[in-house]
Amino acid sequence: MGRWSRRLAERFIDWLGAEPNLAWLDVGCGTGALTSVICNVADPSSVVACDPSEAFVQDARRRIKDGRVTVIVAGSDDLPQRKGGFDRVVSGLVLNFLTDPRRSVEEMRARTRPGGMVAAYVWDYADRMEFLRHFWDEAAALDESARDLDEGFRFPMCRRDALESIFSAAGMRDVMSAAVEIPTRFETFNDYWRPFLGGTGPAPSYVASLSEEMLHGLRVRLERRLVPAGTGGVIELVARAWAVRGAAP
């Protein structure tokens, strides 16, 4: 997922159209993909990146060697503060994993200077996060229980109208959203399939639970679906996320 999330972060920052020399807060920074893009593209004066996972924070600190960046352990219920507020408070691929997304956006708003921007993005699991959509559709065709693990059903907030509603309910003004898309190209079916064997994440965990017979059946169905005869094996898909932003009152 990391190779795609980094590309998505670049598109997201382009969509924000951020000016240089701003103070940023990255909420749920993980290993630092969005923070790195902010440094490379937005020319910030400073970035505070936070995550509740000590392991992620340590990894981000190792990866990001930029004097403008501070990475700390903090969750969405105890966000860092800055005198006068941050100019931009952002969160990438995190909101759907939080217990109370609206409350989290309220906390983000509270850390933003008046007139500053809060923005976030999440994968469009239900529709055009295509390499996962194909996977879960075929898994559910073989095994009805797979539907319960499908992020498209588990995360109903990963839709444009739901995100706008959350931001509006959290007191943000001038709320707007957009589709942010990246191409995802796999040179062969094995290039597509291999990451599902890693055991980390809902889809790989599901794969790890399958019998050899079920695993073979799922692979055959996916290969038949994604690699039509005569295509040479290349799989070209789209990964879409929904981005939302609003101004702090």
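The values are calculated or read from the model by the stated rules, or taken from the named source; none is laboratory data. As the structure is a computational prediction, the values presented were derived from the model and not from experiment. As a convention, Cβ positions derive from the backbone with ideal geometry for all residues, glycine included, and neighbour counts pool all protein chains shown. Protein only, heavy atoms only, side chains kept; ligands, DNA and RNA dropped before computing areas. Shrake-Rupley method; radii C 1.70, N 1.55, O 1.52, S 1.80 Å.
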Pair-distance profile P(r), taking every C-alpha pair of region 25-109, with 10 angstrom steps and integer %: 19, 55, 25, 1
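Using the Cα centre of the chain as the reference point, and only Cβ charges (+1 on K/R, -1 on D/E), how large is the resulting charge dipole? Debye, rounded to the nearest 20.
So the dipole magnitude of the chain works out to roughly 720 debye.
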Helical mean residue ellipticity (222 nm; -39500 (n - 2.57) per DSSP H run of 4+; nearest 500) of the chain: -11000 deg cm²/dmol
Of all accessible heavy-atom area on region 97-181, the percent that carbon and sulfur account for (1.4 Å): 45 percent
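Can you give the accessible area per residue of the chain, in Å², using a 1.4 Å probe? Don't skip to the answer; put the middle values down first.
On the way: 11760 Å² over 249 residues.
So the chain comes to 47 Å² accessible per residue, rounded to a whole number.
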Among Thr200, Phe155, Ala55 - extreme Cα towards positive end, dipole of the chain, charges at beta-carbon: Ala55
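Taking region 111-249 on its own, what percent of its Cα-Cα pair distances exceed 22 Å?
Working: 4600 of 9591 pairs.
That fraction is 48 percent.
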For region 4-62 versus region 170-248, the gap between their alpha-carbon centres in whole angstrom: 23 Å
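Checking a compactness column here: for the chain, what do you get for Rg(Cα) / (2.2 N^0.38 Å), N being the number of residues? Write out the running numbers ahead of the final one.
Numbers: Rg = 19.1 Å, N = 249, 2.2 N^0.38 = 17.9 Å.
Cα-based Rg divided by the globular estimate yields 1.07.
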Relative packing of 139-150, 33-44, which averages over residues the other C-beta atoms within 10 Å, highest first: 33-44, 139-150
Debye log10 I(q)/I(0) for region 1-74, one point scatterer per Cα, at q = 0.16, 0.18, 0.26, 0.27 Å⁻¹: -0.50, -0.63, -1.25, -1.31
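With the Cα gyration tensor of region 29-70 in hand, convert its eigenvalues to equivalent ellipsoid semi-axes via √(5λ) and list them largest first in whole Å.
On the way: eigenvalues 58, 16, 15 Å².
In descending order the semi-axes read 17, 9, 9 Å.
Loop only per DSSP, at most 13 neighbouring Cβ atoms within 10 Å: give me the trypsin sites (Lys or Arg not before Pro) in region 19-71, ordered by residue number. Please report the intermediate quantities before stating the final value.
Values: sites: Arg61, Arg62, Arg63, Lys65, Arg68; in loops: Lys65, Arg68.
Passing both the DSSP loop test and the Cβ count: Lys65.
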